[in-house]
Structures are given as C-alpha cells and as structure tokens.
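Asks: For reference, the structure I am asking about is given below.
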Amino acid sequence: MQAITETLIEDVWKGVDQLSEDDAEGLVGLLGEEQPFLLVYLVATGEDEFNEDEKEFLLYMGVVIWKVFQQLKSPLPSISEQNLESIESTNIKMLEYLETESESYFHEFVQNLIYDYPQPALLKFVTELIFDEEEAIRSRNKGMMLVYLKIIIDCLDKVVK
C-alpha cells in the first residue's frame, strides 16, 4: 500500500477548501454515488451528540479523507456495510476504553497510535485539525470526532490494499 504523504493531503485539502458551495454539494453527491455507506455513516454518525458545526466538520473531513484515498486508487472499491460495522465496532471499543482514562493518557495513546498507524500522515493531520479546532468542535466531542474519522480512514485503507 502506498503511503499517503503530507503533500498529497495538503493538496487535496486546498482543492476541497477552494470549491464553491455548489461544487462542494456536487462532491458530496459523488461521494454518495461511489461510497453510499460511507456517506450515510458520515451523515448519521454523532447525530445525537454533535451540534451543526460538528456535523459539518465531520462531513467535510470525511470528504477530504475520501478524496485523498481517491488519489491513490481510482475508482475506489466500495466499502460494504459489514466492513464499516466491523471497523466501527473495534474503534468504538477503543473509545469506550479511552473514556475511562485520564486526558494525559489519551494524548499519549493518540501519539502512539499515530506512530504505529498504517497511514500516519493522514491520521496526524486529522488529529491536529480536531484538537486545533476550538470553535467548531466542543472539547467533550474531540475524542469521539477523532474515532469517527479514524473509522473512515480504516475503511478506505482496507479497500485500497
């Protein structure tokens, strides 16, 4: 599997960030056509916990992650519902475990996770954005946001291998 580079991530990030509102909506529509379970997951996840800004950030980051993986392999194989549910289950168990730990342990855990991760540059980029974002993501939801986006990365990484 080709490693995702910081340059690739930044190029995709800038490209998505420069889209008009209509083009961004079209991109979300394309995501729904190519990866329907992924779009449903991004829209439904955190529905009860997240406010509108957090929901928009999750969707936006999900689109960026998808576009990054598209640069490695296009067209991307579809993510199945079973694949998504399996990866989600594993990650939710990790989140439940981390909820019982201290904040300092959480930060140490995340640093170790990035170091050992198959796509460390992408996970680091997502993590830094989440923890640097003071206005759009409430502090109590940062860990959950990270896990949900990690699930997306895990799923896409699995289908491109």
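Asks: From Cα pairs below 8 angstrom and at least 6 apart in sequence, can you work out the relative contact order of region 48-161, rounded to a whole percent? Kindly include the intermediate steps, with their values, before the conclusion.
Replies: Numbers: 64 pairs, mean separation 58.2, N = 114.
RCO, region 48-161: 51 percent.
Asks: To the nearest 0.05, what FRET efficiency results for Asp22 and Glu133 with a Förster distance of 22 Å applied to their C-beta separation?
Replies: 0.30
Asks: Using +1 at the C-beta of Lys and Arg and -1 at the C-beta of Asp and Glu, which of Ser78, Gly29, Met94 has the Cα lying farthest in the positive direction of the dipole of region 1-109?
Replies: It is Ser78, whose Cα lies furthest towards the positive end.
Asks: So, one more: Against the longest principal axis of the chain, how steep is helix 120-132, in degrees 0 to 90 to the nearest 10, with axes from Cα atoms?
Replies: 70 degrees
Asks: If the viscosity is 1.567 mPa s and the temperature 4 °C, what Stokes-Einstein diffusion coefficient in µm²/s follows for region 65-116 when Rh is the Kirkwood radius over Cα pairs?
Replies: Translational D for this selection: 97 µm²/s.
Asks: Right, something else. Leaving out same-chain residues fewer than 8 places away, which lysines sit with a Cα under 21 Å from that of Lys14?
Replies: Answer for Lys14, where 21 Å is the Cα cut-off: Lys55, Lys67, Lys73, Lys124, Lys150, listed by chain and number.
Asks: Rounding to the nearest 20 debye, state how big the charge dipole of the chain is about its Cα centre with +1 on each Lys and Arg Cβ and -1 on each Asp and Glu Cβ.
Replies: Using Cβ point charges on Lys, Arg, Asp and Glu, the chain gives about 740 debye.
Asks: Exactly which GluC sites (Glu not before Pro) in region 28-125 are in a DSSP loop and have at most 10 other Cβ atoms within 10 Å?
Replies: Here the GluC sites (Glu not before Pro) that fit, given the DSSP loop and packing criteria, are Glu47.
Asks: Still on this structure, I have one more. For q values of 0.12 Å⁻¹, compute log₁₀ I(q)/I(0) with the Debye formula on a Cα-only model of the chain, without solvent.
Replies: -0.49
Asks: Still on this structure: What 222 nm value per residue comes from the helices of the chain, counting each DSSP H run with n ≥ 4 as -39,500 (n - 2.57) and dividing by all residues, nearest 500 deg cm²/dmol? Please report the intermediate quantities before stating the final value.
Replies: Values: 8 runs with 121 residues, N = 161.
Estimated from H runs of four or more residues: -24500 deg cm²/dmol.
Since every read-out is calculated from the coordinates, none of them should be taken as a lab result. Every value quoted in this text rests on a predicted model; they were computed, and no experiment measured them. All Cβ positions, even for glycine, are placed from backbone atoms using ideal geometry, and neighbour counts span all protein chains on display.
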